[in-house]
Amino acid sequence: MNTQANRWLGAFYFILACAFTQLFLEGFGIGGSFLIHLLELPRWAMLPCLYMAVNHYASPSLPKKDWLLHFVPFLLFLLFSLVYLMPNLFNEQNYLPILPPWIGFIVRYFFFGQTVYYWIVCFSLLRRHQKNLKMVASFTEKIDLEWLKYLLISVLFLMLIRILSISNIHVTYYSPILYFLGIILLAYSTLTQKSIYATETYHPAEKDGIAPKKVLNERLTLEQVEALNDIVMRKTAGEKLYLDPSLTLSVLSDKIGISTHELSYVLNNGLGKNFYQFINELRTEEAKSLLLSEDTKHLDMFGVAIRAGFNSKTTFYTTFKKATNLTPKEYIKANSAAT
């Protein structure tokens, strides 16, 4: 579904493999200094590759401007290595000027700072993606990239081992075992990922759904919001459009006859809800009726969820419990006792 993201993720894994191969060779005294340094060369590109992968997964339709800037440190390190380090590996005389001590400090510790920075940025991109999904989709389980969260947690585990092994001799002693566990965790989180689906991307216009209510009149007047709100409720609830499990913001806006930005604006400012909340609350109300109906007594809980417009038992249970503070079975029992 996203070839560019897959390639960037593949590049990240390749460089990670180089890093562990270097650690292996150093640990067992195998290979010369040239081979070890060659494996170290791409290390500064490792986390930028992960960032590009997450960026393409989270926002595949957005142009990736200035992406090359993320690899400037890697290119500088490559140039530094070719000019200052490679001649030394071949025992050749180097007549270049001696660099100040802070350059050596950067070369030694820049990778750790870069790793922390890019991990935080990648995690923020993923969280923003998962939040924005609820602006356009009523079902997020297959498109929320949850597997990426576990991948990032695995990377964080490896980062912590590396940092602690430098400062603590006891961690260094056990680091091979810890690295092995981290790699198993990383491999498992990757290999168990579900299919990656294409998603709509919500691009809030300036003064759109997240704008404060004091600027309502700059896009829609209060009267217009109330009028559109009535239309949205009448069409969505009256015609039971929410029963479509694949309903998205753009599909609903087409059925109602307004733009996606206007629909999102009305939901946010007229109802105080995002699209995900709006549709699944209507589905919850439908589920309440179905759970107490004699016509659906033969259905199990997943059957009720499907009838109500949900296409996931997890989403059904989570939404229902949040709305009623009861599970579906507890709701049936409570209402049966009341009658």
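A few remarks follow.
- Cα pair distances exceeding 21 angstrom across segment 262-339, given as percent: 31
- The phi torsions of segment 55-71, fed into the Karplus equation with coefficients 6.51, -1.76 and 1.60 and a -60° offset, translate into couplings of 4, 6, 5, 6, 9, x, 8, 7, x, 9, 6, 6, 5, 5, 4, 5, 9 Hz, rounded to whole numbers, with Gly and Pro shown as x.
- Value of relative contact order over the chain, rounded to a whole percent, pairs C-alpha under 8 Å and six or more apart: 14
- Segment 32-86: C-alpha gyration tensor shape, a/c 1.5 cut-off, then a/b vs b/c: oblate
- Accessible surface for segment 242-339, divided over its residues, is 49 Å² per residue with a 1.4 Å probe.
- Phi to ³J(HN,Hα) by Karplus 6.51 cos²θ - 1.76 cosθ + 1.60 over segment 323-335, Hz, x for Gly, Pro: 7, 10, 6, 9, 6, x, 5, 5, 5, 4, 5, 5, 6
- Surface/4 estimate of mean projected area, convex hull on alpha-carbon atoms of segment 1-52, nm²: 3.6
- Of 261, 225, 11, farthest towards positive along the dipole that unit charges on Lys, Arg, Asp, Glu beta carbons give the chain: 225
- Only one of (i) 26.9, 94; (ii) 20.2, 66; (iii) 22.4, 70 was calculated from the structure for Rg and Dmax of the Cα atoms in Å, and its label is (i).
- Inter-centroid distance (Cα atoms) of segment 66-85 relative to segment 102-120, Å: 13
- In order along segment 296-302, the phi-based Karplus estimate (6.51 cos²θ - 1.76 cosθ + 1.60, θ = phi - 60°) of 3J(HN,Hα) comes to 10, 5, 7, 8, 7, 5, 5 Hz; Gly and Pro are listed as x.
- For the chain, calculated [θ]222 nm from helices alone, where every DSSP H run of n ≥ 4 adds -39500 (n - 2.57): -21500 deg cm²/dmol
- Gain in span if fully extended, residue 184 to residue 67, counting 0.36 nm per residue against the direct Cα distance: 39.1 nm
- Taking 233, 301, 52 and ordering them by how much accessible surface each has at a 1.4 Å probe, largest first, produces 233, 301, 52.
- Simple spin-label estimate for residue 326 and residue 296 in nanometres, 7 Å along Cα-Cβ: 1.5
The values are calculated or read from the model by the stated rules, or taken from the named source; none is laboratory data. Remember, predicted model here, so these are calculated numbers, not experimental data. Cβ sites come from the backbone with ideal geometry, for glycine too, and all protein chains shown count toward neighbours. Keep in mind that these areas ignore ligands, DNA and RNA; they rest on the heavy atoms of the full protein, side chains included. Shrake-Rupley method; radii C 1.70, N 1.55, O 1.52, S 1.80 Å.
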